[in-house]
There are 2 protein chains.
Amino acid sequence: MITPPGVDPEAFESALSEWRSIAGEQWVFTDAENLDLYRDAYTPFRNEETEIIVAAAVAPDTAGQVQAIMRVANRHKIPIYPISTGRNLAYGGSAPVLSGSVVLDLKRLNRIIEVNERNAYVLLEPGVSYFDLYRHLRDNGSKLWIDCPDPGWGSLIGNSLDHGAGYTVAPHRDHFDSHCGMEIVLANGEIVRTGMGALPGAETWQQFKYGFGPTVDGLFAQSNFGVVTKMGFWLFPAPESFLEAVVTAARHDDIIPLVDITARLTHSGVMNSNILLGSPMRDAALRDPDLRELFLHTDQAEVRRKLDDYAGSHKLAFWTSRLKFYGPEKVVKAQWEHARERYSGIPGVGFQEGELLRFPLTEEQIAGMRDQVAIGVPNLSIFSAISRSTFNPTPTMGHIGFSPVIPMTGEAVIESHRVIGQELADMDTTPAFMTMPISYHSRTFIILIAFSIVEDPAINRKTREVFRRLIKVAAEHGWGEYRTHTAFMDDCAAVYSYNDHSLRRLHETLKDAIDPNGILSAGRYGIWPRHLRKK
Amino acid sequence: MITPPGVDPEAFESALSEWRSIAGEQWVFTDAENLDLYRDAYTPFRNEETEIIVAAAVAPDTAGQVQAIMRVANRHKIPIYPISTGRNLAYGGSAPVLSGSVVLDLKRLNRIIEVNERNAYVLLEPGVSYFDLYRHLRDNGSKLWIDCPDPGWGSLIGNSLDHGAGYTVAPHRDHFDSHCGMEIVLANGEIVRTGMGALPGAETWQQFKYGFGPTVDGLFAQSNFGVVTKMGFWLFPAPESFLEAVVTAARHDDIIPLVDITARLTHSGVMNSNILLGSPMRDAALRDPDLRELFLHTDQAEVRRKLDDYAGSHKLAFWTSRLKFYGPEKVVKAQWEHARERYSGIPGVGFQEGELLRFPLTEEQIAGMRDQVAIGVPNLSIFSAISRSTFNPTPTMGHIGFSPVIPMTGEAVIESHRVIGQELADMDTTPAFMTMPISYHSRTFIILIAFSIVEDPAINRKTREVFRRLIKVAAEHGWGEYRTHTAFMDDCAAVYSYNDHSLRRLHETLKDAIDPNGILSAGRYGIWPRHLRKK
């Protein structure tokens, strides 16, 4: 048996025995077969000694059991790593940052506590997945939609706390922004409710975010300050209709007005969904090395002219912007008409209008949709999409994603692709895929550059090097990651270094105060407890 | 000269002298005439010994000076109370919670650092008022709107940190929700930038809220954890047009579908502005004691019938809901048309449509508008409106506002007015005014019950008693205040008592960690430093 680092084997045995009496004999795991389930399926340390391992796992059934488990862990100073469902593949999955930690698996806390149809919210536990909530709403005839990320098997709470995002409208598609109210078990076992939840019998815990006094909710996302055991989320009342449309622009420099107009429509609320930019020209470049080379020199006017000629002669749109409208039919049509007017100032602009969908759809209509997340239907089709899109000849065992935040301007779109493209070329690296910018959040784009994990450790080692290099290069250009795999949390946090890392020092001050024994999720998002902190 | 509590007079003299050398001789105030300016103009302790006083005031010019001042204060353990412009009358103004504190007046930090037209944001300092920003944008031909509260003379940062709200669209009308990125000077003088601001040279400090790791921004609102010296805000691109409309409903129980439909339209994004409910019947009750009495018994069906008869025979609408639409003309018209369809299910519903305004307006058109805050134009007309609306025969010297958060349901509207009305009747108290619910925030209503402050301390004492009683009664019904006057912060915080005040204990743990000498804004929002904490 593995003992967690810094823990006396006898103390660990004693803790395991206490946990068994709290959670039940069968919910404390120490055998290799069960612990294997907590390994990171997409680990970049595949087949290496440095792969993160787990000493044990405990799966409580209630917040009260979480409290009791934390008190035991705190007394014995045992490192604990809470997970909701551990499905955040590409970001570390269910494996901790500190090898040898004990996973606190919250999958049994899977209750949907309240669905409020009139005020459109839900209160639930961390073990509830997007699939679970979707089915629950559908089976109960609810008129509420959820917003789900690409794979639908994950936890709403887990995804929200990792700042995950989806594809319908604001604020719902920003999964942390759409939360309202938390219940948290602190390291010492104390239970806290945030916002209006601190008022016993409050009528607005899931409706008013702030409560009275400072708002602490943000502390418990992307961090290691507590175990979230309940969270509320605002839901989106099912719209009457949905219209998808694509705007196409013909020339390289059109990206600037294309994004400016898109940003203006978004900021003014005429469009409320995320925007997926595309580029048939960049897709062509994936198959044409000469064209790919040209894209590394778009800072030269002559190159941009060549690219425009190529687009013209191959009848390719240079850029596309995929828009989505949700709402009453007449509103949706007016919004799209207004958007067309705005975009029509770009010479040669084109429009493709999808079929207007009216809700509810039949199960057959849903099953036939290419992009179910756009209408809040959780699914797992992203996994086959990813494996199709890889250009890597080696069989992939998973992937990790580099995801910098860039401004919502055409200049940033061009510059980020050029800079990162050049860096990848210099390092002779082909990613599994590199997306065009997506506005997951209200006012920025994220680019997702995914790298395959393979069986060969030498290739994975190089991937890790490339990943670390990209973090630095991006930071030099003012672009930071919004989230990352556990293996790179220290590297990403390190570039957020303003005033000699004063924000990190503040995080550490908070960590020492809230979790003085440093037992919770050591190293998560670059925050280490005092006894493990590097000098 | 007054010395702050617990501070040695010699140490205080020494601090004053150091502050003079930091901020300049003329920016450290200790004379009675200047310190009078920092008294709470609306203090509920008017003409009483217990009125809060100020020992000194320091007005630095830069964040660097704030750092230096805080270091001195920390060394001498001098209580400091930062204010932005101190214009939050009715909530304590520029006066501290702890009498004898030194006011850190940030009015000279009044720089508008960046206005970004393409991505619609601003970065500014705490001394910048709504008037300042409005004029700056207008004078520079900006196409961006601001959202301002009822008086426009306050600070954007101050109002945001107090969870203030305004009258245009979400997220802008929630002044904390619309912020993006902070710079904070901690008690020890350390300077921190939050979100992407922690990444040197970040391109998205005012565009991406989270940064990497935990988000600490919420800690610095309604609290005493730091001095905010810069903040970014998202601005609203000037819409093409604006339409105001009023929906009227004829009978008492119509409030239930009226609010349900309003909530659904809001949650689904068809309406994005705040909603002002009204009631000509309740207005009539202000002038008719018999009618007022009836409103205390709306839990009886017979009483509701009588009220309906009264409304019918006096040709009064029972309820009104004022809606506002902003956007392209065709979108606005489609939204209003859809809203009418939804409301038309209420028998006897009526609609009044305002003139559709097209922007930009001329200065004359703006000057002629009854409700300039609805189009983001700061003004001070609320002050004359308040004095007109008072029914108190004694000349008013100001007012304080009790403002509970209630759910967005018709039942809550009825119940909150009945319960609070009964309580006021039992205590034989007439407030200056009591509003119908306003949806300042996305998913809740706030009712504002204002009490006049007068010259007679006996009356003010009773007002304070009434205020404290209302806090308790509201809490028993699940309604907590969203913000309060400094005199009642302990009382309001006390009802947020879940799990024997565990949220307060967490706040105190954070306070002790971030401000170990407890020098910053002791008592603000019920958070006291260790040495002043009540057992």
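The values are calculated or read from the model by the stated rules, or taken from the named source; none is laboratory data. This structure is a prediction, so every number in the text was calculated from the model and none was measured. Every residue, glycine as well, gets a Cβ built from its backbone with ideal geometry; the counts of neighbours run over all protein chains shown. When the accessible area is computed, the model is the full protein with side chains, heavy atoms only, and any ligands, DNA or RNA have been set aside. Shrake-Rupley method; radii C 1.70, N 1.55, O 1.52, S 1.80 Å.
Checking each residue in region B:511-532 for being within 11 Å of chain A (Cβ to nearest Cβ), open to solvent by 30 Å² or more (accessible area, probe 1.4 Å) and not in a helix (DSSP H, G or I) picks out only B:Pro516.
Taking residues in region B:479-506 that are free of Cβ contacts under 8 Å to residues at least 60 places away in the same chain and facing another protein chain (nearest Cβ under 7 Å), and partners anywhere that are open to solvent by 20 Å² or more (accessible area, probe 1.4 Å) and of a type outside the set (D, E, K, R), the pairs with Cβ atoms closer than 7 Å and at least 6 places apart or on different chains are B:Ser497/A:Pro200; B:Tyr498/A:Pro200. For A:Trp145, the conditions (1) touching a residue at least 24 places away in the same chain (Cβ under 8 Å); (2) surrounded by fewer than 23 Cβ atoms within 10 Å (Cβ to Cβ); (3) under 27 Å from A:Ser384 (Cα atoms) are fulfilled apart from (2).
Within region B:463-495, being open to solvent by 10 Å² or more (accessible area, probe 1.4 Å) and part of a loop (DSSP other than H, G, I, E, B) holds for B:His477, B:Tyr482, B:Arg483, B:Val495. Quick check on region B:243-255. Is at least one of its residues among the hydrophobic types (A, V, I, L, M, F, W, C), within 14 Å of chain A (Cβ to nearest Cβ) and part of a helix (DSSP H, G or I)? For region B:243-255, residues among the hydrophobic types (A, V, I, L, M, F, W, C), within 14 Å of chain A (Cβ to nearest Cβ) and part of a helix (DSSP H, G or I): present.
Residue count for region B:123-153 satisfying the condition of being closer than 28 Å to B:Leu37 by Cβ and not in a loop (DSSP other than H, G, I, E, B): 9. Within region B:37-44, identify whether any single residue is open to solvent by less than 20 Å² (accessible area, probe 1.4 Å) and within 25 Å of B:Glu190 (Cβ to Cβ), and answer yes or no. For region B:37-44, residues open to solvent by less than 20 Å² (accessible area, probe 1.4 Å) and within 25 Å of B:Glu190 (Cβ to Cβ): absent.
Restricting attention to region A:286-302, the residues that are open to solvent by less than 40 Å² (accessible area, probe 1.4 Å) and closer than 25 Å to A:Ile261 by Cα add up to 2.
Hey, does region A:213-234 have a residue that's out of contact with any helix residue (DSSP H, G or I) (no Cβ under 9 Å at 6 or more places or on another chain) and part of a loop (DSSP other than H, G, I, E, B)? No.
In the set (1) part of a loop (DSSP other than H, G, I, E, B); (2) hydrophobic (A, V, I, L, M, F, W, C); (3) touching a strand residue (DSSP E or B) at 6+ places or on another chain (Cβ under 6 Å), the condition left unmet by B:Ile157 is number (1). Among the criteria (1) within 14 Å of chain B (Cβ to nearest Cβ); (2) in a helix (DSSP H, G or I), the one A:Ala458 does not fulfil is (1). Residue count for region A:102-145 satisfying the condition of being within 14 Å of another protein chain (Cβ to nearest Cβ) and acidic (Asp, Glu): 2.
Of all the numbered requirements in (1) in a helix (DSSP H, G or I); (2) more than 10 Å from chain A (Cβ to nearest Cβ), B:Phe451 misses one, and that requirement is (1).
Filtered by the rule that a residue be of a type in the set (A, V, I, L, M), within 24 Å of the chain's Cα centre (by Cα), at pLDDT 95 or above and open to solvent by 20 Å² or more (accessible area, probe 1.4 Å), region B:227-285 gives a lone residue, B:Ala238.
Is at least one residue of region A:323-331 open to solvent by 60 Å² or more (accessible area, probe 1.4 Å) and modelled with pLDDT of 95 or more? Yes, some residue in region A:323-331 is open to solvent by 60 Å² or more (accessible area, probe 1.4 Å) and modelled with pLDDT of 95 or more. Being in the same structural domain as A:Val227 (by TED's automatic domain parsing), in contact (Cβ under 8 Å) with a residue 60 or more places away in the chain and not in a loop (DSSP other than H, G, I, E, B) is the requirement here; does A:Gly181 meet it? Considered against the rule, which asks whether it is in the same structural domain as A:Val227 (by TED's automatic domain parsing), in contact (Cβ under 8 Å) with a residue 60 or more places away in the chain and not in a loop (DSSP other than H, G, I, E, B), A:Gly181 comes out as no. Does A:Leu296 count as in contact with a helix residue (DSSP H, G or I) (Cβ under 6 Å, 6 or more places away or on another chain), modelled with pLDDT of 95 or more, closer than 20 Å to A:Asp253 by Cα and among the hydrophobic types (A, V, I, L, M, F, W, C)? Here the answer is no, as A:Leu296 does not meet what is asked. Those helices (runs of 4 or more DSSP H) of region A:1-119 in which at least 3 residues are touching a helix residue (DSSP H, G or I) at 6+ places or on another chain (Cβ under 8 Å) and modelled with pLDDT of 95 or more, considering only elements entirely within it, cover A:9-23, A:63-76.
Could we say that A:Gln207 is on the phi > 0 side of the Ramachandran plot, at the interface with another protein chain (Cβ under 7 Å from one of its Cβ atoms) and open to solvent by less than 10 Å² (accessible area, probe 1.4 Å) here? Spelling it out, it is not the case that A:Gln207 is on the phi > 0 side of the Ramachandran plot, at the interface with another protein chain (Cβ under 7 Å from one of its Cβ atoms) and open to solvent by less than 10 Å² (accessible area, probe 1.4 Å). Among the residues of region B:401-426, those that are modelled with pLDDT of 95 or more and not in a helix (DSSP H, G or I) comprise B:Phe402, B:Ser403, B:Pro404, B:Val405, B:Ile406, B:Pro407, B:Met408, B:Thr409. For region B:427-443, does any single residue satisfy the condition of being part of a helix (DSSP H, G or I), more than 23 Å from B:Ser223 (Cβ to Cβ) and open to solvent by 20 Å² or more (accessible area, probe 1.4 Å)? So far as region B:427-443 goes, no, none of its residues is part of a helix (DSSP H, G or I), more than 23 Å from B:Ser223 (Cβ to Cβ) and open to solvent by 20 Å² or more (accessible area, probe 1.4 Å).
Out of region A:180-218, which residues are of a type in the set (Gly, Ala, Ser) and in contact with a Leu (Cβ under 7 Å, 6 or more places away or on another chain)?
A:Ala187, A:Ala198, listed by residue number.
Got at least one residue in region A:303-312 being farther than 22 Å from A:Arg340 by Cα and not in a helix (DSSP H, G or I)? Within region A:303-312, none of the residues are farther than 22 Å from A:Arg340 by Cα and not in a helix (DSSP H, G or I). Selection over region B:321-376 of residues that are outside any helix (DSSP H, G or I) and among the aliphatic types (A, V, I, L, M) gives a count of 7.
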